[in-house]
Every structure is written in structure tokens, then in C-alpha cells.
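Working notes, structure below.
Only the coordinates and a few stated rules stand behind these numbers; no lab work does. Here the structure is a predicted model, which means the values were calculated and not measured. Here the Cβ is made from the backbone with ideal geometry for all residues, glycine too, and neighbour counts use every protein chain on show.
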Amino acid sequence: MTRHAPDRRARPCRPAVPVRWPVLVGFMLAAAACQPTRPLEVTDAFPITVVAEPRVLTIVGTELDAFGADDAIDEPARERIAAFLDTYRERGRGPLTATMVGFAATGRGRDAEGAVLSALTKLARRRGLQPDALLAARAETGVPRLELAFRDFVAIQPDCPPEQGTLSSFSNRSTSSFGCASQRNLAAMIARPADLVTPQALTRRDSLRAGGVTQAYRSGEATGAEQEAGLESEAVLAEVGK
């Protein structure tokens, strides 16, 4: 009886457990589905839109008859102009344009324009505005009037989509409107929406104070203000449940 030698040729290695490709592909698709479908940042998902809207106040010629070099302005016109200047100081950005329309056709002409601009400048200074904030302009033709105008910025709240998930879904994903309410509240509370477009420049720092704090730090001294004697804190923690 003839015996054959065992075949010792190299054979390809096969895994003990075959790989099930459909299962692996399904797992990868499920993992991809867990990824967020909207931007991670709330500010990107629900942005606050800032738009510039022109604000115009018109004072007709009959209300300007009382304008004079001594700042004699009719009380109704004074109140309207003062309220408009306050709005510009709080919300405006850029120059406040004062356009004198049709004064050349009146009997006083340039004298009337000068009297109006002088009275307006004094009133603007009293309302806390800098003189360079007022930009004078002239229109030769038209019904005699004074037009004040500036750009007002308004924050537009984002639209929140309806909720599509609940706390009992256990999907570990934020809802479709997560963070939108905070953005809407922020848009309603912003005092100067123009700061969202271009923040205001910082004022100059107090170099003497900064130098004193730096010197105290280098010398190992306290950099904060010292508490006066006898002014211990009297804060009391609130007792919950009473």
C-alpha cells in the first residue's frame, strides 16, 4: 500500500469567523446617522439678522419760524427733535444728517439756514451728542422743511422650527430647535444691534492706573482695592424650603 506525503504547501489564512459585509455596512450607516444634521454652533443654526433701516424726522417750515440765534424753538418741535436725538444716541451709527430744504426760496434764505443749524447744534450738544456727529446738507428746491435722518439697526429674531423630539426618545441628539429660543431672546434684548455688525472701539485705557497695578504686582503687593475697616460682608444665604 502506497502512502503519500502530506501536502506542506502554504495555504491562504482564513478567518475562523467569516466577515459579514452587509452587517458591517449597516453598522457604518447607523453610526453616520447619529451625526448632527445641523451646524453645531447655535449662532450658525439660528443666526440673528441685523438690518439697517432709515429713520427720518421732518419738521415743516411753519414749525421753524421760531428758530433763532438764541435757540428759541417751539416746544412741540423741541420735544420731537430731542426724542429723535436720544434715539440716535442710543441706537444710531454713522452721521446724523440735517438737510435744510427750500430755505433759499424764503425771504431769510441763508440766514434762516444758519439760525436753524445753530439752534439744532445747541440742542444736540445738550442731548449728549458730539458736534461732529451732525452733518449739514442743503436742498435748494422743495417745501421749506428740516429733515433729520440716520441709519437705525434692528435685530431680526430667527424663526424656530417645531420640536420633533422628546426627552423620552433616548436618541442622544439635540432637538431641531435647540438653542433657538435663546437666540430669539438675545435679539430682543440687544440694546445696540449695530454692535453685532461692527463692535464699538474701546476707549483709551488709564495708563497711570495700569502702571500702578503692574508695579504692585511686581513688588508682591495687593493689586486690588483695600476693604475699609468695619465693612464686613453681611450677606446671608437664603434658606430653601421655608
Counting only DSSP beta bridges fully inside region 49-155, the antiparallel percentage to nearest 5 is 75
Fewest-first ordering of THR141, THR99 by Cβ atoms within 10 Å yields THR141, THR99
From fewest to most C-beta neighbours within 10 Å, the residues MET100, MET189 line up as MET189, MET100
If every Lys and Arg gets +1 and every Asp and Glu gets -1 at its Cβ, then about the Cα centre region 49-155 yields a dipole, in debye to the nearest 20, of 340
Per-residue Cβ contact counts at 10 Å, fewest first, order ILE81, ILE156 as ILE156, ILE81
Relative contact order in percent for region 49-155 (Cα pairs under 8 Å, 6+ apart) equals 49
So for region 49-155, using the alpha carbon gyration tensor with a ≥ b ≥ c as root eigenvalues (a/c under 1.5 gives rounded; past that, a/b versus b/c decides prolate or oblate), I'd call it prolate
